[in-house]
Amino acid sequence: MQIQTVGILSPGDMGQAIASVLNQNGLKTIAALDDRSQRTRQLAAAANIEDVGSLRQLVIESDVVLSVLVPVAAIEAANLVAEVISNVGKQILYVDCNAVAPQKVKRIAQIIESVGVRFVDASIIGPPPRVPGRTRIYASGKQAVEFQQLQNYGLDIRVIGDEIGQASGLKMSYAALTKGLTAIGTELLIAAHRLGLDEQLWEEVSSSQPELAAILTRSIPSMTPKAHRWIGEMEEIAETFQEVGLTERIFYGAADVYRLVKDTSLGKETPEESNSDRPLREIINALSDETASN
């Protein structure tokens, strides 16, 4: 199948950036923006995503639908798309790009394939692809090579196997390291601040673990406006690890850290509002003070 039109569910920070890359390289992207927020509409307009109004119209016009949502919305979105497909009879390629556990993406595949639609498991590693070479999309499933056509339109898509769940499993394992480390770093820096030892701790970390200090300096400021999305991702990682016989408690704890951050003034900022140059010390002080009563 020749891909010409890509439907985006939904054009948030990541989905909008993916659509922008595809548009810049000659593909048409569309979204169903009925009842969506003003921010989502603005993001879509900035990426030249065409608003087709309803999910029904999105399915009718799309060759491929990319589901790029918060994890908790992934199954509901698949059910809604499957219902539309069963009514209109349209054949599409459905690509789940959400940060979900392998066992969950297999359930999503069953929902989509039950109405005769082709399915790909995909996972996004890296930031929204606004800078070439920093974002990879891993894919698995028997239709993954078909999805890989989008590599001709500016995306870095890497097929890693024929099984649904492989791409999601890779995402869970990788995010356990990166976002898990950010959660641990955030909590320990808040703890040191409350103990009155933040300066001494940071001096030691900077001296003995300079690579780690650099990672935390970069990762924590960019985390705060995304913390609300990372809660569900940590819970998906916990379920993944539990499924393979490991402890899930580490990542439920990480989810708790992001849940605390979500309710602070920094956590309520959008990525557009967040100041990426805000000093790490200022962030930790604010998080410590605003979560002290929780």
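Hey, among Y94, Y153, which residue is closer than 19 Å to T5 by Cβ, aromatic (F, W, Y) and surrounded by fewer than 24 Cβ atoms within 10 Å (Cβ to Cβ)? Unique residue meeting the criteria: Y153. Criterion first (of a type outside the set (A, V, I, L, M), in a helix (DSSP H, G or I) and more than 24 Å from A176 (Cα to Cα)) does N275 satisfy it? No; evaluated as a whole, the condition is false for this residue. Pick from segment 181-209 the residues that are among the β-branched types (V, I, T) and closer than 26 Å to F241 by Cα: which of them is surrounded by the fewest Cβ atoms within 10 Å (Cβ to Cβ)? The qualifying residue surrounded by the fewest Cβ atoms within 10 Å (Cβ to Cβ) is I184. With respect to (1) farther than 15 Å from A167 by Cβ; (2) assigned to a loop (DSSP other than H, G, I, E, B); (3) at pLDDT 95 or above, the lone exception for A99 is condition (1).
Looking at segment 165-180, can you tell me whether even one residue there is over 16 Å from the mean Cα position of the chain (by Cα) and surrounded by fewer than 17 Cβ atoms within 10 Å (Cβ to Cβ)? There is no residue in segment 165-180 that is over 16 Å from the mean Cα position of the chain (by Cα) and surrounded by fewer than 17 Cβ atoms within 10 Å (Cβ to Cβ). Looking across segment 219-250, just one residue is assigned to a helix (DSSP H, G or I), among the hydrophobic types (A, V, I, L, M, F, W, C) and surrounded by fewer than 18 Cβ atoms within 10 Å (Cβ to Cβ), and that is I250.
One residue stands out in segment 37-70 among those that are among the hydroxyl-bearing types (S, T, Y) and out of contact with any helix residue (DSSP H, G or I) (no Cβ under 8 Å at 6 or more places or on another chain): the one that is surrounded by the most Cβ atoms within 10 Å (Cβ to Cβ), namely S62. A Cβ distance below 6 Å, combined with a sequence gap of six or more or placement on separate chains, defines the contacts here; from segment 203-223, residues that are touching a residue at least 40 places away in the same chain (Cβ under 8 Å) and at negative phi reach no residue that is part of a helix (DSSP H, G or I) and surrounded by fewer than 17 Cβ atoms within 10 Å (Cβ to Cβ).
Screening A31 with (1) surrounded by fewer than 24 Cβ atoms within 10 Å (Cβ to Cβ); (2) among the aliphatic types (A, V, I, L, M); (3) closer than 23 Å to I157 by Cα gives one miss only, at (1).
Residue pairs whose Cβ atoms lie under 6 Å apart, separated by 6 or more positions or on different chains, with the first residue in segment 182-194 and free of Cβ contacts under 8 Å to residues at least 12 places away in the same chain and the second crowded, with 17+ Cβ neighbours inside 10 Å, are A192/D198. Quick one: would you say A183 is at pLDDT 95 or above and closer than 19 Å to N98 by Cβ? No, not satisfied. For segment 253-280, a residue qualifies if it is more than 20 Å from the chain's Cα centre (by Cα) and surrounded by 14 or more Cβ atoms within 10 Å (Cβ to Cβ), and the qualifying residues are T264, R278, L280. Annotation note: Cβ proximity below 9 Å between a residue of segment 14-33 that is closer than 18 Å to I3 by Cα and a residue that is surrounded by 24 or more Cβ atoms within 10 Å (Cβ to Cβ) and among the acidic types (D, E) (sequence gap 6+ or interchain) occurs for no pair. For I85, indicate whether it is part of a helix (DSSP H, G or I) and buried (at least 18 other Cβ atoms within 10 Å of the Cβ). Taking the combined requirement at face value, the residue satisfies it.
Any residue in segment 40-55 that is within 25 Å of P225 (Cβ to Cβ), of a type outside the set (G, A, S) and part of a loop (DSSP other than H, G, I, E, B)? Checked segment 40-55: at least one residue is within 25 Å of P225 (Cβ to Cβ), of a type outside the set (G, A, S) and part of a loop (DSSP other than H, G, I, E, B). Scoring L43 on the criteria (1) aliphatic (A, V, I, L, M); (2) at pLDDT below 95; (3) in contact with a Cys (Cβ under 8 Å, 6 or more places away or on another chain) leaves a single failure, condition (3).
Criterion first (over 21 Å from Q148 (Cβ atoms) and surrounded by 18 or more Cβ atoms within 10 Å (Cβ to Cβ)) does I111 satisfy it? In short, yes. Just give me the residues in segment 124-150 being surrounded by fewer than 20 Cβ atoms within 10 Å (Cβ to Cβ) and of a type outside the set (K, R), in sequence order. Correct list: I125, G126, P127, P128, V131, P132, G133, T135, V145, E146, Q148, Q149.
The values are calculated or read from the model by the stated rules, or taken from the named source; none is laboratory data. On a predicted model such as this, the values are computed, not experimentally measured, just so you know. Positions of Cβ are backbone-derived with ideal geometry, glycine not excepted, and every protein chain shown enters the neighbour counts.
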